[in-house]
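Taking it in order: structure first as structure tokens, then the write-up.
The values are calculated or read from the model by the stated rules, or taken from the named source; none is laboratory data. Since the structure is predicted, the reported quantities are computational estimates derived from the model, not experimental observations. Because the Cβ atoms are built from the backbone with ideal geometry, glycine has one as well, and the counts that use them run over all protein chains shown.
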Amino acid sequence: MNGEQRNNLVDGNTKLYGIIGNPVHHSFSPHMQTKAFQAIGLNAVYLPFLIEEYQLPALLDAFKIAGVQGFNVTVPYKEKIIPFLDKVSIAAQSLGSVNTVLYENDTWHGFSTDGSGFVRSLENAGISLKAKKILLVGAGGAGKAIALSLIHQEIAEITILNRTKEKTEILSSLINKIQPELPVFTSFTNSSRFDILVNSTSVGMKDNQCPVADNLVEISDRVVDIIYNPPQTPLIKKALKKEIPCMNGIDMLLYQGVEAFEIWTGENAPVNVMRDSLLNSLNLL
Ligand code: ATR
């Protein structure tokens, strides 16, 4: 039997990975990660696990018995999984959120690839963050993950705007604690200019709304919207109309998965296979 045939089989040696969440049926990761395992000839599959909160305390023992090698965590368990893990990376500890868990040497080790996936998606697009002025719109879970990764990228400054002001203050204090030298602002003036505007809110996903006023788009040299569905949000459309370079959230989604894959396997992820899977799932191929 040649390698290619073997890759398409599940057999007695197949390793198991997955994603926990509630809901979880909409996740693109089972297809993307299983395709990626197959592409590098790894005998493994990745399945969705719909978990109820009361099941969390027993989950890791059940996974251990079932031979689960690693898993992703999505809403609403990214924070709630932490007390059950044996180790949590420093980045995930600061964030208070875990989206990737590795089982290794009889321990469950938590990581977060949300922010690092965002940074890597920009790197891959040839967008440097060094000395850049960032405008981050949104201070929810995704915004916090992005901010805490950006602050390690030698950016010049970060301005954070969020509908609920309290969250803006909490995030800016956290940044001050981690990077006391970095200028953090929570408002802007008409003379401000930004190198990159990042939308981390869910505005534009279902409501056909733009998360910021036109003048904020105009004072930004580049726009990144982390929303991937629809691929062209009202914010992206606005940027395109004004000929401002822009990027949607497909690559952030891709690279958080790429980084999880690399944590689990120690191998370079087959990025193009994974991107094709996502584009297929989004009916964009
Ligand atoms: P996620 O984990 O996807 O970031 P979240 O933690 O619920 O989800 O954060 C959602 C973000 O979108 C928040 O910044 C939220 O603003 P609030 O902190 O004020 O709730 C923002 N958001 C959602 N709906 C919004 C709306 N209609 N207008 C402005 N901001 C909105």
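Okay, residues lined up against (1) within 10 Å of the ligand (Cβ to nearest atom); (2) in a strand (DSSP E or B); (3) assigned by TED's automatic domain parsing to the domain that holds L216:
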position: L122; (1), (2), (3): no, no, yes
position: G143; (1), (2), (3): yes, no, yes
position: I146; (1), (2), (3): yes, no, yes
position: Q153; (1), (2), (3): no, no, yes
position: L171; (1), (2), (3): yes, no, yes
position: I175; (1), (2), (3): no, no, yes
position: T189; (1), (2), (3): no, no, yes
position: L197; (1), (2), (3): no, yes, yes
position: V203; (1), (2), (3): yes, no, yes
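Residues considered: V88, V119, V68. Of these, the only one that is at pLDDT 95 or above and within 16 Å of the chain's Cα centre (by Cα) is V119. Residues in the stretch 39-76 that are in contact (Cβ under 8 Å) with a residue 60 or more places away in the chain and farther than 20 Å from P23 by Cβ: 5 in all. With respect to V73, is the statement that it is more than 17 Å from the chain's Cα centre (by Cα), assigned by TED's automatic domain parsing to the domain that holds L102 and at pLDDT 95 or above true? Answer is no for this residue. Within the option set G110, G138, G67, being away from the ligand (no atom under 16 Å from the Cβ) and crowded, with 19+ Cβ neighbours inside 10 Å holds for one residue only, G110.
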